[in-house]
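Working notes, beginning with the structure itself.
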Amino acid sequence: MVYAIVLAAGASSRYGASPPKQRVLLPDVLAALRQSESLGGILVVTGAHELETDADAVFCPEWERGPGASLRCGLAALPEDADAAVVVLADGPGLDPRAVDRVVARWQADGGDAVAATYDGVRLHPVLLARAAWPLVPDEGARAVPARLVPCDDLAPPGDVDVRPG
């Protein structure tokens, strides 16, 4: 079983906190994940801001340590039947569900500890982590975990919104 983890714990300091970017962008990310044909569930990891969501959520008290700490909170909260987690960012509103499905399909076909989407050769999200890789996640996040790369050049990258438009 593969679950999605949405990292939504950050302070939103560059974007601003009224409202924080997670409240603005999370609905689009969740909608994309729900269009995926590969996921058994979705878990949102919260931290700095209270978020209302219709998805399952877990609060990470160590969110200030970095995205890896938030990811570890999410991984620890997944059910025992979770074989892998697809990691995405709450501030990536351009997430394409086909990228999620490609990453999961590659992992199902070839195995491995980590599989990540690339866009024009740049490693971005989604990133799949098999259960064996979960203990390897440092505070800096999953980027430090070597991954098999899956080209998604025909899709738009998910984005990483750090500043408020306009």
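Structure notes:
- Long-range neighbours under 7 Å by Cβ, at least six apart or interchain, first residue without any contact (Cβ under 8 Å) to a residue 12 or more places away in the chain and on the phi < 0 side of the Ramachandran plot within the stretch 87-107, second polar (S, T, N, Q) and open to solvent by less than 40 Å² (accessible area, probe 1.4 Å): none
- Subset of the stretch 1-58 [farther than 22 Å from Ala82 by Cβ, open to solvent by 70 Å² or more (accessible area, probe 1.4 Å) and either at pLDDT 95 or above or part of a loop (DSSP other than H, G, I, E, B) (or both)]: Ser13, Arg14, Ser18, Glu50, Glu52
- Count of residues meeting criterion [within 18 Å of Gly159 (Cβ to Cβ) and either open to solvent by less than 70 Å² (accessible area, probe 1.4 Å) or in a helix (DSSP H, G or I) (or both)] in the stretch 76-135: 27
- Members of the stretch 33-70 found to be closer than 17 Å to Val100 by Cα and hydrophobic (A, V, I, L, M, F, W, C), listed by number: Leu33, Leu39, Ile42, Leu43, Val44
- Filter result (within 14 Å of the chain's Cα centre (by Cα) and farther than 22 Å from Ala132 by Cβ) within the stretch 28-41: Asp28, Val29, Leu30, Ala31, Ala32, Leu33, Arg34, Ser36
- Condition met for Ala77 (in contact with a Leu (Cβ under 9 Å, 6 or more places away or on another chain), modelled with pLDDT of 95 or more, under 24 Å from Asp139 (Cα atoms) and of a type in the set (Gly, Ala, Ser)): yes
- Qualifying residue in the stretch 56-77 (condition: charged (D, E, K, R) and more than 23 Å from Val145 (Cα to Cα)): yes
- Selection over the stretch 59-72 of residues that are open to solvent by less than 50 Å² (accessible area, probe 1.4 Å) and either free of Cβ contacts under 8 Å to residues at least 60 places away in the same chain or within 14 Å of Leu25 (Cα to Cα) (or both) gives a count of 1.
- Residues that are farther than 18 Å from Leu89 by Cβ and not in a loop (DSSP other than H, G, I, E, B), drawn from the stretch 136-148: Leu136, Arg148
The values are calculated or read from the model by the stated rules, or taken from the named source; none is laboratory data. Keep in mind that this is a model prediction, so the values were computed, not measured. Methodologically, a virtual Cβ is constructed for each residue, glycine included, from the backbone with ideal geometry; neighbour enumeration extends over all protein chains shown. Side chains included, ligands, DNA and RNA excluded: accessible areas come from the protein's heavy atoms. Shrake-Rupley method; radii C 1.70, N 1.55, O 1.52, S 1.80 Å.
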